[in-house]
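Report on the structure given below.
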Amino acid sequence: MNTTFSIREATITDIPTIHRLAEAIWEPTYRAILSREQIDYMFEVIYTYEALEQQMQEGQRFVLLLDAAEPIGFAAYSMKDSSDAVYKLNKIYLLPSRQGEGLGNLLLTAVEERVKKAGARYLDLNVNKHNHAKAFYQRCGYQVLLEEDIPIGPYWMNDYVMRKALA
């Protein structure tokens, strides 16, 4: 693995960078499984500057993956259930041109290490039932815990909730 890769905590000042990455990643990631209208709607709900700032204020921690100084991906996580020490991976995305290089695993491992240090016993994530990323998560040790359908405006997210024990 190239030693020019680094992962750092993101702050409010990184919102334009996260937004720019999301613009490059979101549509190619979901165009095969969601309608154009749903992609556009969800992007507006999740990735406006205001939405990203609110997510940070509500406790989501963002990290940026850099190749030298160039941002190429990001992830976000937060506490899900403090009584069971469960954290949630809210987002993990890489530029399409950088997928398949092992960088998703690098980013995911960095999040797992951060939540373990914070006391997590489990890390949960949601993945669309038709998203090929499910196989990636399974290779990384995640198992389907349950299925859930989540309303988002006039649309539905049809997801698997996957979990990995970190202890």
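Key figures
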| item | result |
| --- | --- |
| 149, 67 arranged by Cβ crowding within 10 Å, fewest neighbours leading | 149, 67 |
| 18 Å cut-off, amide nitrogen to a point 7 angstrom out along residue 167 Cα→Cβ, residues in the stretch 96-113 | 112-113 |
| Dipole of the stretch 5-165, positive end: most advanced residue of 51, 34, 123 [Cβ charges, Cα centre] | 123 |
| Least to most buried among 83, 78, 35 (fewest other Cβ within 10 Å first) | 83, 35, 78 |
| Assigned charges on the beta-carbon of Lys, Arg, Asp, Glu; the stretch 1-71 dipole about Cα centre (debye) | 220 debye |
| The stretch 52-95: C-alpha gyration tensor shape, a/c 1.5 cut-off, then a/b vs b/c | prolate |
| Order of 79, 56 - criterion: other Cβ atoms within 10 Å of each residue's Cβ, fewest first | 79, 56 |
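Read-outs throughout are calculated quantities, based only on the coordinates presented, and are distinct from any laboratory measurement. As the structure is a computational prediction, the values presented were derived from the model and not from experiment. When we count neighbours, we look across all protein chains shown, and the Cβ atoms used for this are built from the backbone with ideal geometry, even at glycine.
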